[in-house]
Amino acid sequence: MAIELPRFDTRDIVGVIGAGTMGMGIAEVAASAGHHVRVFDAVEGAAVHALDELATRLDSRVKRGRITSERRDEILGRIQVVHKLVGLAKSRLVLEAVVESLGIKVGLFKSLERIVAKTTIIGTNTSSFSITEIGADLKHPERFLGVHFFNPASVMPLVEVITGMNTAPEVAAAVHGLMSTWGKSPVFAKSQPGFIVNRVARPYYAEALTLLQEGAASVSTMDAIYRDCGGFRMGPFELMDLIGMDVNLTVTQSVFESYYGDPRYRPSVLQEEMVAARRLGRKTGEGFYRYTPEPEVSDPVDMRPAKAPSSVRVFGNLGPAETLVEQSVEAGLEVTHAEGEGYLLVDGVYLALSDGRSAVTRAVEEGRSPMVLFDLALDYRKTPRIVIAATNGDNQSLNVAAGFFQSLGKVVNVVLDVPGMLVMRSVCLLVNEAASAIAHHVCSAGDLDIAMKKGVNYPKGPVEWGESLDLHRVMAVVAHMHEAYGDDRYRVTPLLARRALAHRKLSD
């Protein structure tokens, strides 16, 4: 069926199926944008109860001065509960947000298609199922697509507009434009497992879980490192506790199975154990942290003050960490320069930015010992924290390195000498996964960065981050990790390798 769609306007009715947290969030967003909204839920009384709860939340915002009482009345006045699916018949757009069951969704859309007009666009908020598969049995799959909001829908700006193989491009374009008028940040994505965010974000959780299993550092120390050094809004463990361990694991398992067991998406045995123990995070009162009866206070393990160095010699350019040289001068340290491959010599100890190898491997291969590595930071001038690791936990060398960084006003943490350390390995693997998604035409480089910044609050999009680090450095880190672990989970994505070797950008 050829589809010719005019632009949406506020006279168009929006139907919402499912009155849970996500469904009512979508209803609120649509009503706030000026649409009349019809909400249906198959559970008797659920939609009425959900509307009452929305009214209570809006009343709370009025009391806090966030919105006016007139605005509250406008939003509520545009939302109407319908008790049968046929009540959505006049909708121009219907968005589904019911339980994640393929059978339920397919049956629902077959019934809906018999009720609405042929020009009605039908969207699913699924986070895990193929848009192509859900719409395959519809008579008009060209008007079916994914419209994936993020929780809470009223707050989170990202919406993934996902096309299946049969979705008409003009349908996706119309919905993309509509989401913009709703004040959202829409991105286009193709129907592949995990879409953009749930695919590209996997290394952030997976590497943290691997590091914890390896004993790299404590949970609270690692969360502090990811926040303070990496610039992430939340550390991976506190974020998994917030999302729910079972939810996070289910997404990982779905992506892993959908990619036929690709080791890049392999679930964590540790996370599976936590789910089995019902340590699901905030919703059960215990996950990586304890939330009841009193919130757990768990501080990172910081190094004690150490002696400031007497001399600092800089060999070559430190790349992303070059501002450390300026900070050393500003701190009053005696700094000298020499040609070299980008490292420091502080009181006889070599300091270098992680390149994916462990300190012991690098010391042997480069013939520089004692060797202390330091981790990546989003901004070495602004970061309050620096992370270091040494060959076999060499305390004397660690104290020298700690004294240097402490003289620059940094808190110092020691982690186990693991390949790639923490932030460096996670960021480089996020870039590697982003390159894979771009190579598979899931989305554009620009939309990928928007999705990761707006959907999971990353301080930089992986594409932007990779290019600021230099893709050749990213490729080297991933390749070194692949060599260290012998696991195809850490194989370099071909597109990343091609662009790095050709000195081209992922965003080209």
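The values are calculated or read from the model by the stated rules, or taken from the named source; none is laboratory data. Being a predicted model, the structure only gives us computed values, none of them experimental. Using ideal geometry, Cβ is built from the backbone for each residue, glycine included, and neighbour counts are taken over all protein chains shown. Ligands, DNA and RNA are stripped out before the accessible areas are found, and what is left, the full protein with its side chains, is counted by its heavy atoms. Shrake-Rupley method; radii C 1.70, N 1.55, O 1.52, S 1.80 Å.
Summed over region 264-305, the residues that are of a type in the set (Lys, Arg), surrounded by fewer than 19 Cβ atoms within 10 Å (Cβ to Cβ) and not in a loop (DSSP other than H, G, I, E, B) give a count of 3. Of the residues examined, Gln406 is one that is more than 19 Å from Arg227 (Cβ to Cβ), touching a strand residue (DSSP E or B) at 6+ places or on another chain (Cβ under 7 Å) and either assigned to a loop (DSSP other than H, G, I, E, B) or open to solvent by 10 Å² or more (accessible area, probe 1.4 Å) (or both).
Note on region 139-163: residues that are without any contact (Cβ under 8 Å) to a residue 40 or more places away in the chain and open to solvent by 10 Å² or more (accessible area, probe 1.4 Å) total 4. Regarding region 418-428, can at least one residue be identified that is among the β-branched types (Val, Ile, Thr) and surrounded by fewer than 24 Cβ atoms within 10 Å (Cβ to Cβ)? Yes, there is a match, as at least one residue in region 418-428 is among the β-branched types (Val, Ile, Thr) and surrounded by fewer than 24 Cβ atoms within 10 Å (Cβ to Cβ). One residue alone among Met424, Met371 is within 15 Å of Leu211 (Cβ to Cβ) and not basic (Lys, Arg), and that residue is Met424.
State all residues of region 107-127 that are within 32 Å of the chain's Cα centre (by Cα) and surrounded by 18 or more Cβ atoms within 10 Å (Cβ to Cβ); if no residue qualifies, say none. Of everything in region 107-127, those that are within 32 Å of the chain's Cα centre (by Cα) and surrounded by 18 or more Cβ atoms within 10 Å (Cβ to Cβ) turn out to be Leu108, Phe109, Ile121, Ile122, Gly123, Thr124, Asn125, Thr126, Ser127. Considering region 366-403, and only residues there that are among the hydroxyl-bearing types (Ser, Thr, Tyr) and within 27 Å of the chain's Cα centre (by Cα), the residue that is nearest to Asp228 (Cα to Cα) turns out to be Thr383. Glu96: under 33 Å from the mean Cα position of the chain (by Cα), touching a residue at least 24 places away in the same chain (Cβ under 8 Å) and open to solvent by 40 Å² or more (accessible area, probe 1.4 Å), yes or no? Taking the combined requirement at face value, the residue does not satisfy it. Each residue in region 312-329 was checked for being open to solvent by 50 Å² or more (accessible area, probe 1.4 Å) and out of contact with any Gly (no Cβ under 6 Å at 6 or more places or on another chain), and 4 of them qualify.
Among the residues making up region 99-125, a single one is without any contact (Cβ under 8 Å) to a residue 24 or more places away in the chain and among the basic types (Lys, Arg): Arg114. How many residues, within region 410-455, are of a type in the set (Ser, Thr, Tyr) and more than 28 Å from Ala484 (Cα to Cα)? Looking only at that region, the number is 1. With respect to Ala338, determine if the residue is surrounded by fewer than 17 Cβ atoms within 10 Å (Cβ to Cβ), of a type in the set (A, V, I, L, M) and free of Cβ contacts under 8 Å to residues at least 40 places away in the same chain. So Ala338 fits the description; yes.
Restricting attention to region 341-351, the residues being open to solvent by less than 40 Å² (accessible area, probe 1.4 Å) and part of a strand (DSSP E or B) number 5.
Looking only at region 125-152, residues that are under 23 Å from Gly183 (Cβ atoms) and not polar (S, T, N, Q) come to 7 in all. The number of residues in region 73-91 that are within 32 Å of the chain's Cα centre (by Cα) and open to solvent by 40 Å² or more (accessible area, probe 1.4 Å) comes to 0. Restricted to region 187-229, the set of helices (runs of 4 or more DSSP H) holding at least 2 residues that are closer than 17 Å to Trp465 by Cα and open to solvent by 10 Å² or more (accessible area, probe 1.4 Å) comprises 202-214, 219-228. Among the residues making up region 230-263, a single one is charged (D, E, K, R), in a helix (DSSP H, G or I) and within 30 Å of Ala321 (Cβ to Cβ): Glu238.
Screening Glu365 against (1) charged (D, E, K, R); (2) touching a residue at least 24 places away in the same chain (Cβ under 8 Å); (3) open to solvent by 50 Å² or more (accessible area, probe 1.4 Å) leaves a single unmet condition, (2). Within region 375-389, the set of residues being aliphatic (A, V, I, L, M) and touching a Leu at 6+ places or on another chain (Cβ under 9 Å) comprises Leu376, Ile386, Val387, Ile388, Ala389.
Scanning region 382-392 for residues that are without any contact (Cβ under 8 Å) to a residue 40 or more places away in the chain and open to solvent by 40 Å² or more (accessible area, probe 1.4 Å) yields Lys382, Asn392. On the given criteria, is Ala19 at pLDDT 95 or above, more than 17 Å from Trp182 (Cβ to Cβ) and open to solvent by less than 40 Å² (accessible area, probe 1.4 Å)? For Ala19, the condition - at pLDDT 95 or above, more than 17 Å from Trp182 (Cβ to Cβ) and open to solvent by less than 40 Å² (accessible area, probe 1.4 Å) - is met. Screening the candidates Gly356, Gly332 for the property of being assigned to a loop (DSSP other than H, G, I, E, B) and open to solvent by 50 Å² or more (accessible area, probe 1.4 Å) yields one hit, Gly332. Restricting the first member to region 56-67 and to residues that are under 16 Å from Gly25 (Cβ atoms), and the second to residues that are assigned to a helix (DSSP H, G or I) and aromatic (Phe, Trp, Tyr), no beta-carbon pair is closer than 7 Å while six or more apart or on different chains.
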